[in-house]
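Following: one structure in C-alpha cells, then a few remarks.
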Amino acid sequence: MSGAERSPAVPAGGTAVVGGGMLGIGAALLLAEAGRRVTLFERADCLGGLAAAWSLGPVRWDRHYHVILESDEETLGLLEKLDLAGRVVWSRPGTGCFAGGRLFPVTSAADMLRLPALGLVDKFRLGLTVLRAAHGGRRGLDEMTAERWLVRWSGKRAYTAFWKPLLVAKLGASHGRASAAFIQATIRRLYTARRGASKRERFGYVRGGYAVVLDRAERALRDRGCTLRLGAGVSSIVREGSRVAVAVGDRVDLFDDVILTLPPPIAARLCPQLDHDTRKKLESIEYIGVICASLLLDRALSGYYVTNVLDEGLPFTAVIEMTACVDPGDLRGRHLIYLPRYAPWDDPFWDLDDSAIRESLLAGLERVHPGLGGARIEAFRVSRQRFVLPLPAPGLARRVPGIEPAIPGIWMLSSAQIRDGTPNVNDTLRLARQGVAALLGAVS
C-alpha cells in the first residue's frame, strides 16, 4: 500500500466502520454516541444493505420483507432514538399453510389441531416441541442436527410432514445440515411474539417502511459528526504501525481501529495480514442466499402474512403477503407480495434471468392461489442476495471467531456471530452493541 495516496480529507484517527447495513449503522451510532470520531464506508450509494428500499412501480418500499416484534427491544430502542416510535403500526395478521394442494389457517392452536397432514398424537408432540424450544436450554444444540432433535421430540411423521418442508424452505438442499440451535432460535423468536389471550403474534412496521428508518438513521449519523463514504468499496485493510490503513481504490485513510461488518469470506479477502488458521476459518463459513421477487397487486390474495409451503415442487419457500401487516394506504392502495427462495450457491435458480424467474414463480403462485384470485400484477421485480444467512451447521460456533480483534485494531462483526438468535434486524443491532462494547472496553 506504499504507493497509494494518503488523503487529508479525513483526519487521521478515529474508528472506521466498513459496511453500511443495519449492523454497520448500529455500530456507527453507538460509537458516535460514545464520543468516537467515526467514518462509515459503504460500497453502495445508499445505506441499508438487506434492509434497503427500492422502487416497485409507483411505490417505494423495502426490497426484502421485515417486521418488528414487540419483544424486539433493540429495534424499538433504535426507533425511539430516531424519533420514529410513534410511527410504528401494530397488527395481528393470520398465518396460513399450503398442504395437500389446499390453504389452511395455522394462526391458533385450534387451527393446528385441524391441520390434515398430521394425526392427533403428532400434533400433540409438535406442540411439546415448540414449548421445549421456547423454554428449554441451549446446551448441546450447537453440535446436534435439527433433524435429529426434531425427530426426537416431534417424531418421524411430524418431522417429515411439517418440520422438514419448513427447513427446506429456509435452507434448500442444505436443510439436513442445520443445527438444532438454529431451529430453537427460530421457534423461540416466533413464540415470544405470541402475546395476550389470543396467543397471536403482533407484528409492527414503520409507516413509510425502512426507507424512512434509513433516511432518519443517515441524518442521525451526520448530526453526530460521522463521515459517510457512500459508493466507496473498500479494497484492503492493513495494520501500519500504530494505525490501520483503509484503502478505497488509490486513496488510503488511517484510523485507530476498524470494525468490519461484512460476511466473513469477504472480510478475509480484505485483510491480507490474517494468520493462516483465522483466514481458513473465515473462508469456510458458508452462506445461504435469497432470490426474492416483489409483486405489486391491485387486490389481496389471502390475508395471511405468511403462508408456509408444505407441498413439494413449489419454486418459492413461502408466500409473504406484506399488506396483511401494512396498510395498503401506505402503498398507494396496492398490495405487496414477496416470493422468496432461500438457496445455496449451487441452486440452478441463480443462473436464471428475471423473465425465467417470473415465469417459474408465477406458475407456482397459481398453484397456491388459482387465477391469483382475480388480482392484476402491476409491478414485478427480482432481488438477488448471495450473503443472507450463514449456514447454521453443527459446530458453526466453534469456527466463528469471537468478538475480539482479528489483527490489532481490526475487529470483525457478522451475522455468523449471532449465537442465540437469527439474522433479523433486532439480533443484528444487539450484535452491534456487543461489538462496540468490546471495542470500547479494550481501548479504555
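The values are calculated or read from the model by the stated rules, or taken from the named source; none is laboratory data. Because the structure is a prediction, the values reported are computed rather than measured. With ideal geometry, Cβ positions are generated from the backbone for all residues, glycine too; neighbour counts draw on all protein chains shown.
List of remarks:
- Residues located in the stretch 402-417, provided they are β-branched (Val, Ile, Thr) and closer than 14 Å to residue 440 by Cβ: 403
- The condition (being at pLDDT 90 or above and at positive phi) is satisfied by just one residue among 140, 204, 155: 155.
- Residue within the stretch 375-394 that is part of a helix (DSSP H, G or I) and among the small types (Gly, Ala, Ser) present: no
- Which numbered condition residue 34 misses (of (1) surrounded by fewer than 21 Cβ atoms within 10 Å (Cβ to Cβ); (2) outside the structural domain of residue 438 (by TED's automatic domain parsing); (3) among the aliphatic types (A, V, I, L, M)): (2)
- Residue among 126, 131 that alone is of a type outside the set (D, E, K, R), modelled with pLDDT of 90 or more, part of a helix (DSSP H, G or I) and more than 24 Å from residue 220 (Cα to Cα): 131
- Residue among 78, 31 that alone is of a type outside the set (Gly, Ala, Ser) and more than 30 Å from residue 249 (Cβ to Cβ): 78
- Residue check, residue 400 at pLDDT 95 or above and crowded, with 18+ Cβ neighbours inside 10 Å: no
- Filter result (exposed (fewer than 14 other Cβ atoms within 10 Å of the Cβ) and outside any helix (DSSP H, G or I)) within the stretch 76-104: 83, 90, 100, 101, 102
- Single residue of the stretch 399-426 satisfying the filter (part of a helix (DSSP H, G or I) and in contact (Cβ under 8 Å) with a residue 40 or more places away in the chain) that is nearest to residue 74 (Cα to Cα): 426
- A count restricted to the stretch 321-345 and to residues that are in a strand (DSSP E or B), hydrophobic (A, V, I, L, M, F, W, C) and at pLDDT 95 or above stands at 3.
- Residue that is modelled with the lowest pLDDT, among those in the stretch 108-121 that are under 22 Å from residue 151 (Cβ atoms) and either touching a Gly at 6+ places or on another chain (Cβ under 6 Å) or in a loop (DSSP other than H, G, I, E, B) (or both): 117
- Every pair of residues 6+ apart whose Cβ atoms lie under 6 Å, when the first sits in the stretch 348-359 and is of a type in the set (Lys, Arg) while the second is surrounded by 12 or more Cβ atoms within 10 Å (Cβ to Cβ): 358/380
- Residues of the stretch 34-89 classified as over 28 Å from residue 381 (Cβ atoms) and of a type outside the set (Val, Ile, Thr), total: 15
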